[in-house]
Amino acid sequence: MIRPACTAILKDAGFGAVSLKPVDLEYQLAGAGGAAEAAEFALLSGPLTRILPGRPREQHEAVRSALEAFFESHVTSQGVALPAAFWVVQARA
């Protein structure tokens, strides 16, 4: 679905030799600190930095606990790794 749309957009813009390559990998979110480190990272970056300020401390702790529980299922020997995917798009002008 993404290939035809992206290719059409780039070709309509005057690009040629369009190629798209899907890349699937595991994103290393935290190291030896495990789920607690990953939860801390999530609390310090992204949308939670805008949602949680001004909320009661109990809510902060509930969110932290929920994050840790989620990240526990993604702990590896190297830390916390999440499945990730992106596209590498190349085209010639």
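The values are calculated or read from the model by the stated rules, or taken from the named source; none is laboratory data. In this text, all values refer to a predicted model and were calculated from it rather than measured experimentally. Neighbour counts run over all protein chains shown; Cβ positions are idealised from the backbone, glycine included. Side chains are part of the model used for accessible areas, which takes the heavy atoms of the whole protein and leaves out ligands, DNA and RNA. Shrake-Rupley method; radii C 1.70, N 1.55, O 1.52, S 1.80 Å.
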How many residues are within 16 Å of the chain's Cα centre (by Cα), surrounded by 13 or more Cβ atoms within 10 Å (Cβ to Cβ) and not aromatic (Phe, Trp, Tyr) when one looks only at the range 1-50?
12
Within the range 1-56, how many residues turn out to be of a type outside the set (Gly, Ala, Ser) and touching a residue at least 60 places away in the same chain (Cβ under 8 Å)?
11
Could you give every pair whose Cβ atoms fall below 8 Å, whose first residue belongs to the range 69-82 and is open to solvent by 30 Å² or more (accessible area, probe 1.4 Å), and whose second residue is of a type in the set (Val, Ile, Thr), counting only separations of at least 6 or pairs across chains?
His74/Val80
Could you list all residues from the range 1-22 that are part of a helix (DSSP H, G or I) and of a type in the set (D, E, K, R)?
Arg3, Lys11, Asp12
Filter the range 51-68 for residues that are open to solvent by less than 70 Å² (accessible area, probe 1.4 Å) and of a type in the set (Gly, Ala, Ser) and give the result.
Ala62, Ala66
Hey, does the range 50-61 have a residue that's under 30 Å from Arg3 (Cβ atoms) and modelled with pLDDT under 95?
no
